[in-house]
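Peer 1: One structure coming up, written as structure tokens, with questions to follow.
The values are calculated or read from the model by the stated rules, or taken from the named source; none is laboratory data. Keep in mind that what you see is a predicted model, and the values were worked out from it rather than measured. Heads up, the Cβs are rebuilt from the backbone with ideal geometry, glycines too, and the neighbour counts pull from every protein chain shown.
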Amino acid sequence: MSISRKIRELLGKEGVEYEVLEHELAYTALEIAQAQHIPGHKVIKSVVVNADGKWILCVLPATHKIDFAKLNQTFSFKESALANEGKVASLFPGCDVGAMPPFGRLGGIPVYVDSHLQENEMVVFNAGTHTEMLKMHFQDFIRIEKPKVGDFSIHI
């Protein structure tokens, strides 16, 4: 079963309304924002991080990057670093690397959301491919994923 289908099943089970957005092949969240004519701060990017030897999924606006010092301080990690592509692929099988959705439960890992996303009513994110995205209410995402929220990014 594809990641996209798993997400749709999850959202259907949770009673979440969403919209499917298809776009030309794009590899970065900012490219996708431009292709969809959506402000970059409303597009979520998902980044797998090793924090104190455990895998976590950091979710932040496309217009930001992780500030690892802030991440460590905010959540009391001693050290954190980006995962390599092999690890990402193993956590999200069937998903294009770099197109992970913000649902850590699909990879069995906890989710950490940057507080800058709280400014959005609606968010858009990859649905496991470089050509398909989903749009939904941010509060629905928070309700079903129950992430930890904190300030850990800086604008790029």
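Residue by residue, here is whether (1) closer than 23 Å to Tyr18 by Cα; (2) surrounded by 17 or more Cβ atoms within 10 Å (Cβ to Cβ); (3) not charged (D, E, K, R) holds:
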| site | (1), (2), (3) |
| --- | --- |
| Ala99 | yes, yes, yes |
| Glu121 | yes, no, no |
| Glu145 | yes, yes, no |
| His155 | no, no, yes |
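Peer 1: Somewhere in the stretch 140-153, is a residue within 14 Å of the chain's Cα centre (by Cα), among the small types (Gly, Ala, Ser), at pLDDT below 95 and closer than 23 Å to Thr28 by Cβ?
Peer 2: No, every residue in the stretch 140-153 fails to be within 14 Å of the chain's Cα centre (by Cα), among the small types (Gly, Ala, Ser), at pLDDT below 95 and closer than 23 Å to Thr28 by Cβ.
Peer 1: Show the residue pairs meeting these rules: Cβ distance below 9 Å; 6+ apart or different chains; first residue within the stretch 88-101 and assigned to a helix (DSSP H, G or I); second residue among the aromatic types (Phe, Trp, Tyr).
Peer 2: Leu91/Trp55
Peer 1: For Lys45, state whether it is of a type in the set (Lys, Arg) and surrounded by fewer than 18 Cβ atoms within 10 Å (Cβ to Cβ).
Peer 2: On the way: of a type in the set (Lys, Arg): yes; surrounded by fewer than 18 Cβ atoms within 10 Å (Cβ to Cβ): no.
So Lys45 does not fit the description; no.
Peer 1: Of the residues that make up the stretch 119-126, is at least one farther than 24 Å from Ala33 by Cα, in contact with a helix residue (DSSP H, G or I) (Cβ under 6 Å, 6 or more places away or on another chain) and modelled with pLDDT of 95 or more?
Peer 2: No, the stretch 119-126 contains no residue that is farther than 24 Å from Ala33 by Cα, in contact with a helix residue (DSSP H, G or I) (Cβ under 6 Å, 6 or more places away or on another chain) and modelled with pLDDT of 95 or more.
Peer 1: Since Ala33 meets every condition but one in (1) surrounded by 18 or more Cβ atoms within 10 Å (Cβ to Cβ); (2) of a type in the set (A, V, I, L, M, F, W, C); (3) modelled with pLDDT under 95; (4) in contact with an Asp or Glu (Cβ under 6 Å, 6 or more places away or on another chain), which condition does it not meet?
Peer 2: Against the list (1) surrounded by 18 or more Cβ atoms within 10 Å (Cβ to Cβ); (2) of a type in the set (A, V, I, L, M, F, W, C); (3) modelled with pLDDT under 95; (4) in contact with an Asp or Glu (Cβ under 6 Å, 6 or more places away or on another chain), Ala33 comes up short only on (4).
Peer 1: Any residue in the stretch 45-74 that is without any contact (Cβ under 8 Å) to a residue 60 or more places away in the chain sitting within a Cβ distance under 7 Å of a residue that is part of a strand (DSSP E or B) and of a type in the set (D, E, K, R)? List the pairs, counting only those 6 or more apart or interchain.
Peer 2: Ala62/Lys45
Peer 1: Filter the stretch 77-89 for residues that are more than 13 Å from Lys54 (Cβ to Cβ) and loosely packed, with under 13 Cβ neighbours inside 10 Å and give the result.
Peer 2: Residues satisfying the conditions are Asn84, Glu85, Gly86.
Peer 1: I'd like to know if the stretch 79-87 contains one or more residues that are part of a loop (DSSP other than H, G, I, E, B) and within 26 Å of Val16 (Cα to Cα).
Peer 2: Here is the first cut: in the stretch 79-87, the residues part of a loop (DSSP other than H, G, I, E, B) are 79, 83-84.
Going one step further and asking which of them are within 26 Å of Val16 (Cα to Cα), we end up with none.
No, every residue in the stretch 79-87 fails to be part of a loop (DSSP other than H, G, I, E, B) and within 26 Å of Val16 (Cα to Cα).
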